[in-house]
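Structure first, then comments.
The values are calculated or read from the model by the stated rules, or taken from the named source; none is laboratory data. What you see is a predicted model; the values in this text were computed from it and never measured. Cβ placement follows ideal geometry from the backbone for every residue including glycine, while neighbour counts extend to all protein chains displayed. The accessibility values were calculated without ligands, DNA or RNA, using every heavy atom of the protein model including side chains. Shrake-Rupley method; radii C 1.70, N 1.55, O 1.52, S 1.80 Å.
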Amino acid sequence: MQLKSSVQLHMDGTSPVAEDIGRQLLTYGRRIPVTELFARIDAVDANTVKRVANRFIFDQDVALAAMGPIQGLPDYNWFRRHTYLLRY
């Protein structure tokens, strides 16, 4: 619900609308109606999130940036171990 509200509130002028049209044309090759966009958002469920996470996050190299005191920040190997997925 928050994503749909954010999409609606973002379209508050000609520049954001033109940007949205351009992004949709580059991504989809056509303008996506709001009803179709909201249907696509509603179609995302826990299994979709898991599938995407398995494809793009688990067992992939990690890029990490930190700001401020980093004494408590685990090292790269800790992050790498926690994104490793046994696929047996």
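Miscellaneous remarks
- Estimated at the nearest 10 Å², the accessible area of His82 is 110 Å² with a 1.4 Å probe.
- The chain - percent relative contact order, Cα under 8 Å, separation 6 or more: 22
- Under conditions of 4 °C and 1.567 mPa s, the chain yields 77 µm² s⁻¹ as its translational diffusion coefficient, taking Rh as the Kirkwood radius over Cα pairs in the Stokes-Einstein equation.
- Loop sites in the range 24-88: trypsin sites (Lys or Arg not before Pro), DSSP, at most 14 other Cβ within 10 Å: Arg30, Arg31, Arg87
- Accessible surface ranking that places the most exposed of Leu9, Leu3, Leu73 first, with a 1.4 angstrom probe: Leu9, Leu3, Leu73
- When Val62, Val34 are compared by accessible surface with a 1.4 Å probe, the order from highest to lowest is Val34, Val62.
- Only helices enter the 222 nm calculation for the chain: every DSSP H run of n ≥ 4 contributes -39,500 (n - 2.57), and dividing by all residues gives -17000 deg cm²/dmol, rounded to 500.
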